[in-house]
Amino acid sequence: MKVLVLNCGSSSVKYRLYNDDEQLAEGLLEKIGTGEAQLNHTVTGRKKEVSVHEILEHRTGIELILKTLVGADKGVLKSIDDIQAVGHRVVHGAEAFSQSTLITPEVVAKIEECIDIAPLHNPPNLAGIYAISELLPKVPQVAVFDTAFHQTMPERAYMYAIPYVFYTQYHIRKYGFHGISHQYVSREAASLLGKPLEDLRIITCHLGNGSSVTAVDHGRSVDSSMGFTPLEGLPMGTRSGDIDPAVPLYIMGKEELNLQQINALLNKHSGVLGISGISNDFRTVEEEASKGDRRAALALEVFCYRLKKYIGSYIAAMNGADAVVFTGGVGENSDIVREMATRDMEFLGLELDREKNRTKKRGEASEISAPSSRVKILVVPTNEELLIARDTRRIVTAG
Amino acid sequence: MEIRKIAVFGGGVMGAGIAQDAAAHGLEVVLVDRVEEGLAFARKAIEDSLNRELQRWGITGSEKKIILSHIKFTLNPDDVGSADVVIEAIPDDLAAKQDLFAQLEQQFERVCPDSVIYVSNTAVLPITDIALKMIHKDRLVGMHFLAPVPSIKLVEMVRSVHTSEATVDRAKELARRLDKTPVDVLENPGYITARLVVPLINEAIDLYQEGTASKEDIDAAMRLGFGFNKGPFALADQIGLDVVLGWCDNLFHELGGRKYRPQAVVRHLVRKGNLGVKTGKGFYDYSASDGNGEAKK
């Protein structure tokens, strides 16, 4: 079955076309809303093609992508009618969606209701859904949510200790994000270990410019480090992560900052960038740290120490763990982060094989723990689009 | 059709502020001035304002670059091409505004005839009078922004006797796009804001001059006592004393009440070039401040 996967951001559309699990093409349309929108289109096995277009909105952007997919030169489809289903990544499904869902007018209405708590992300996701409804009206669409996997979290994990009325009135609770990735890599980890996911307790660490850790207990997310928004949890490229909530209040008072300024301070000026003062890119920070920059080294230490504490706390939450999984740009590629985050954890059963960790091949799933390690340590490349394609296929086929 | 592009005529404090705010909200902006100095002033005002916001953690360095890249500065009105909204922010001179809109209408009717609306940022002049030489008078509406435009979340929407509902709706769409709340007001002098703030400032000056209280204490009393963001003296400095004087002159002329009469001290400060925050000195001295409008204590 041919499935188109769309991930619509505020000014971009990422797409992949699958035939079952085989990827036929992928691409990224950037700078939507300008006269210089750039389309990077790659047919699997061929060279990337770059073209520039005037694209003022998502609908015309998606129209361009569809045309490119059937085009005579760069195309991979005979006709647009070959697309049998479209899967959308939708960031926030709040409490309305605990799994991927066939898109109906009622589902669209519920996603629209979630705009209030995801004002930056849900509107572009919806723009993609509206566009496909118009351009391919007969093709079934499926929404795959970033939050859905975490809806299995128990109340005690998601409830904040503030007056309960804020939960009932504004739906303020922990939601967790990166759910598609955590779900995908936990399944992959189980298959790498040769055991059913339902028999395993796995801690998945999705580490990139945004980072989160999830406790996956017998296949179900029971806790995750991101919260009501993606600001909670680990420090990230530019986000503070967990912080004493009195700190922003104190800074606001001292510096007379308004809401928008404190929001930007915590989301865009903090994290690894904030501590190092150098970059939000872990590669740059690692490089500067290796050259002796004290604050770059400190940023890495803070990040890895906090990660280690999350791993430890999720071992406590699940009464043990069978595997810790690293994924995401940093998780898959930084042996330093993996080493620092798992160092001195023998008591909890984690023993890294430093050699395997260092020599691990890029892009491959592998085990990097020592044979004696009670908790397996794995690196598993994530593939959110593939999970979206699979969910879409399953739901449309069952349809 | 979504509003995507605006043209701003006049690179003064208001024109620069509107251009910056629109660019920060993702709109494409062309800023037109008649003279090179006007463009240079606008560019510097926008850069300074963005740098302050950067220092106050409100934006990032790359966001600053993106905002600046959304603004095209030009001396040639023909560089605008088409636009969804054409905004005038030149000094409050009725004849100049009438002529400008007549010209702009000719220019834009050719390139974007159907949906374009015209906006005057006048603080005092009647929109009906400004529309005098226009053919489609229903397309003109007043949007009174207040300085500093990016941080003030209000626009007074001013209709002339000709302004159509469609034009008002479109202008309100722009206001909301800029995260501002539009309030409707008839084109009576001073609208809501100037009409109410002028007597307040005038009375505060009387209080101070008769020796009842110091400027600082008057400001503190209004801030803490009534939850004003700024007291009347700091507020006058922020608005700009030249602007305050203009409002006084106009209201006194149009409405005649003593409460609007320009105060000698304001006239004197304006003559000396002490216009408030923007020149570093007004009722208070800002020369050693952080540029954020906080007076030296």
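Things to note:
- Residue count for the range B:25-63, restricted to those that are free of Cβ contacts under 8 Å to residues at least 40 places away in the same chain, crowded, with 17+ Cβ neighbours inside 10 Å and more than 12 Å from chain A (Cβ to nearest Cβ): 8.
- Those helices (runs of 4 or more DSSP H) of the range A:81-194 in which at least 3 residues are aliphatic (A, V, I, L, M) and in contact with a strand residue (DSSP E or B) (Cβ under 8 Å, 6 or more places away or on another chain), considering only elements entirely within it, cover A:122-135, A:179-193.
- Filter result for A:Ser212 (in a strand (DSSP E or B) and not acidic (Asp, Glu)): yes
- Helices (runs of 4 or more DSSP H) wholly inside the range A:318-399 that include at least 2 residues being aliphatic (A, V, I, L, M): A:335-342, A:384-398
- Which listed residue, of A:Gly277, A:Gly241, A:Gly233, A:Gly237, is buried (at least 20 other Cβ atoms within 10 Å of the Cβ), within 14 Å of chain B (Cβ to nearest Cβ) and not aliphatic (A, V, I, L, M): A:Gly237
- Residue in the range A:114-132 that is touching a helix residue (DSSP H, G or I) at 6+ places or on another chain (Cβ under 8 Å) and within 23 Å of A:Asp217 (Cβ to Cβ) present: no
- Here A:Glu95 passes the criteria (1) without any contact (Cβ under 8 Å) to a residue 24 or more places away in the chain; (2) of a type outside the set (A, V, I, L, M); (3) farther than 27 Å from A:Glu30 by Cα except the one numbered (1).
- When restricted to residues that are surrounded by fewer than 16 Cβ atoms within 10 Å (Cβ to Cβ), away from chain B (no Cβ under 11 Å) and assigned to a helix (DSSP H, G or I), the range A:245-274 contains 6.
- Residues within the range A:93-142 that are of a type outside the set (A, V, I, L, M) and closer than 23 Å to A:Glu57 by Cβ, tallied: 18
- Output for the range B:64-95, where each listed residue is more than 14 Å from chain A (Cβ to nearest Cβ) and among the polar types (S, T, N, Q): B:Thr74, B:Asn76
- Single condition B:Ile6 does not satisfy, out of (1) more than 14 Å from chain A (Cβ to nearest Cβ); (2) not in a strand (DSSP E or B): (2)
Every number here is computed from the coordinates shown, using simple stated rules; none is lab data. Given the structure is predicted, the values throughout are model-derived calculations rather than measurements. Counting neighbours? That spans all protein chains shown, and the Cβs are built from the backbone with ideal geometry, glycine included.
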